[in-house]
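Just below is one structure, and these are the notes that go with it.
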Amino acid sequence: MLQQPFTFMLNQATASIEGHTPLVRRLSSLRGQFLDQAAYTAALAQDDPVLYQVYAVDRPDVVGELSSGLTILHPGRVGEEYYMTKGHFHAVLETGEVYYCLGGQGRMVMETPEGDWHVAEMTPGAVVYVPPRWAHRSVNVSDREDLIFFWVYPAHAGHNYGAIERQGFRKLVVARNGAPVVIDNPRWLPPAERHEH
């Protein structure tokens with residue numbers, strides 16, 4: 001059956017996609033991802049705040065279709081580490097993705113299974129291209145405003161959160177002297193030293 005063209009409204013004033021209900025990720029959704037686990041446990045004991053919302057315009061997961069959507073990542077920190085998205089590889093590893101920053105200040109942390117890494121700045125108007133084979137995670141480095149971005153990727157690509165959930169990303173973005181700094185993640189192991197099943 002032939003697919004029909006359609007239009008959806010991305011409302012920048014309300015940071016939403018009209019007619020769509022967002023997926024909500026709370027602090028509890030990122031258990032084990034923040035380096036300072038004592039700070040994480042203490043924060044979670046106080047509250048389980050919303051870290052980000054994702055408005056997805058889902059399409060059939062077949063080759064040729066494109067999924068797209070809007071993410072709103074709120075400001076905040078756990079210890080020194082800024083609020084971030086879960087981050088993922090694509091289930092179809094050889095898949096790229098495009099991010100377009102609409103508002104806020106952030107970083108896109110990326111890495112390959114082999115351990116290469118890159119951190120890109122996200123500011124309004126910046127388009128970040130994530131090549132095939134690169135895991136990616138967004139980080140809000142503002143203390144005051146949301147990081148808002150539009151994204152699009154092949155609908156059949158899926159998501160693989162498992163590798164990231166096990167040890168996080170190779171690099172972390174933390175606040176030092178009032179500014180974001182990229183540091184090594186002490187939990188991260190080179191591929192040769194991992195014991196994955």
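The values are calculated or read from the model by the stated rules, or taken from the named source; none is laboratory data. Just so it is clear, the structure is predicted and the values come from calculations on it, not from any experiment. In this analysis, Cβ positions are derived from the backbone assuming ideal geometry, glycine residues included, and neighbour counts consider all displayed protein chains.
Data for the structure
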read-out	value
In the stretch 21-68, the residues that are in contact with a Gly (Cβ under 8 Å, 6 or more places away or on another chain) and of a type in the set (Val, Ile, Thr)	VAL54, VAL57
The stretch 98-147, residues that are of a type outside the set (A, V, I, L, M, F, W, C), in a strand (DSSP E or B) and within 23 Å of ASN185 (Cα to Cα)	GLY106, ARG107, GLU111, HIS118, GLU121, HIS136, ARG137, SER138, ASN140
Residues satisfying the stated conditions in the stretch 89-116, i.e. more than 21 Å from SER67 (Cβ to Cβ) and either surrounded by fewer than 17 Cβ atoms within 10 Å (Cβ to Cβ) or among the hydroxyl-bearing types (Ser, Thr, Tyr) (or both)	THR112, PRO113, GLU114, GLY115, ASP116
Inter-residue pairs, beta-carbon under 9 Å, first modelled with pLDDT of 95 or more and of a type in the set (Asp, Glu) and in the stretch 97-108, second outside any loop (DSSP other than H, G, I, E, B) and crowded, with 22+ Cβ neighbours inside 10 Å, 6+ apart	GLU97/HIS136
Options ASP61, ASP36: the member that is touching a residue at least 60 places away in the same chain (Cβ under 8 Å) and surrounded by fewer than 16 Cβ atoms within 10 Å (Cβ to Cβ)	ASP61
Enumeration of residues in the stretch 98-113 that are of a type outside the set (A, V, I, L, M), closer than 28 Å to GLN12 by Cβ and over 12 Å from the mean Cα position of the chain (by Cα)	TYR100, CYS101, GLY103, GLY104, GLN105
